[in-house]
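The values are calculated or read from the model by the stated rules, or taken from the named source; none is laboratory data. It should be emphasised that the depicted structure is a prediction, and the values quoted were computed from it without experimental measurement. Using ideal geometry, Cβ is built from the backbone for each residue, glycine included, and neighbour counts are taken over all protein chains shown. Protein only, heavy atoms only, side chains kept; ligands, DNA and RNA dropped before computing areas. Shrake-Rupley method; radii C 1.70, N 1.55, O 1.52, S 1.80 Å.
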Amino acid sequence: MITAQPVAILQDNYAWLLRDSATGATAIVDPAEPGPVAAAIDEAGGRLDLILLTHHHGDHIAGTDDIRARYGARVVGARADAHRLPRLDLPVGEGDSVAVGESLGRVIDTPGHTHGQIAFYFADGGVLLCGDTLFSLGCGRLLEGTAAELFASLGKFAVLPPETLVCCGHEYTESNARFALHADPGNAALRAYAEHVRTLRAAGRPSVPSRLADELAANPFLRAADVATLADLRARKDKF
Ligand code: ZN
Ligand code: FE
């Protein structure tokens, strides 16, 4: 089974250290800053098998070659974006599986924020690595894709088991909460969850991973019933 630990990097990014409890195999997701990422890997025993990349933005891939060289790990990323990712040892796409020890992660194509964005879902452990597609109480900007694509991508997450841990790429939750409360002021679950997040952050703790069930109850982007609603929310958030 996979466990996931956030590693705070850069200004407000998270890399994620994954460990397969059966074998001790490990993977790091989006290791954009080598120093803190290597410190986390070394503290966990100094073993790194795989580097998983969600998309090509610098704040997700910048440390990849450094970490690859230090640990001899293999790099997994979207075949569709191979031309703008670090050299891939394992190019993947929708439906492919990535093995971290005995745990299998399913690759999910999630265009919207970028064309070649992918997510990894480990059913054993219930861990979703979703990059910049879904954030706690928010979602990524539509930099390359359409609202229809993002709607379909979020829909692939919405059907996962409610206890799934949402491991996203940024600590944006408090600022996302401000817009969410503005967009959906009558949502009692959102108000309670936003208060929970405020308490966590005031104590200096990460707000993620969140539970998918909480996102389904409180995240206006995940709750959008159709493409037009999602497009409208995203456009309003861009100007908020
Ligand atoms: Zn991004
Ligand atoms: Fe990012």
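Details
- Single condition ASP132 does not satisfy, out of (1) acidic (Asp, Glu); (2) open to solvent by 10 Å² or more (accessible area, probe 1.4 Å); (3) closer than 23 Å to GLN5 by Cβ: (2)
- Check on ASN187, of a type in the set (S, T, N, Q), crowded, with 19+ Cβ neighbours inside 10 Å and away from ligand 1 (no atom under 16 Å from the Cβ): no
- Scanning the stretch 140-148 for any residue that is crowded, with 24+ Cβ neighbours inside 10 Å and outside any helix (DSSP H, G or I) turns up at least one such residue.
- Residues that are more than 16 Å from ligand 1 (Cβ to nearest atom) and over 22 Å from ASP20 (Cα atoms) within the stretch 70-87 comprise ARG79, ALA82, HIS83, ARG87, listed in sequence order.
- CYS167 of a type in the set (A, V, I, L, M, F, W, C), out of contact with any strand residue (DSSP E or B) (no Cβ under 8 Å at 6 or more places or on another chain) and within 16 Å of ligand 2 (Cβ to nearest atom): no
- Residue, farthest from ligand 2 (Cβ to nearest atom), within the stretch 127-139, restricted to residues that are assigned to a strand (DSSP E or B) and in contact with a helix residue (DSSP H, G or I) (Cβ under 9 Å, 6 or more places away or on another chain): LEU128
- Residues of the stretch 104-119 satisfying the condition of being away from ligand 2 (no atom under 16 Å from the Cβ) and surrounded by 24 or more Cβ atoms within 10 Å (Cβ to Cβ): GLY105
- Selection status of LEU200, surrounded by fewer than 20 Cβ atoms within 10 Å (Cβ to Cβ), under 22 Å from GLN5 (Cα atoms) and among the hydrophobic types (A, V, I, L, M, F, W, C): yes
- Test: THR54 is among the hydroxyl-bearing types (Ser, Thr, Tyr), within 16 Å of ligand 1 (Cβ to nearest atom), touching a helix residue (DSSP H, G or I) at 6+ places or on another chain (Cβ under 8 Å) and under 21 Å from GLU171 (Cα atoms): yes
- Being more than 17 Å from the chain's Cα centre (by Cα) and open to solvent by 10 Å² or more (accessible area, probe 1.4 Å) holds for only one residue in ALA62, ALA73, ALA44, and it is ALA44.
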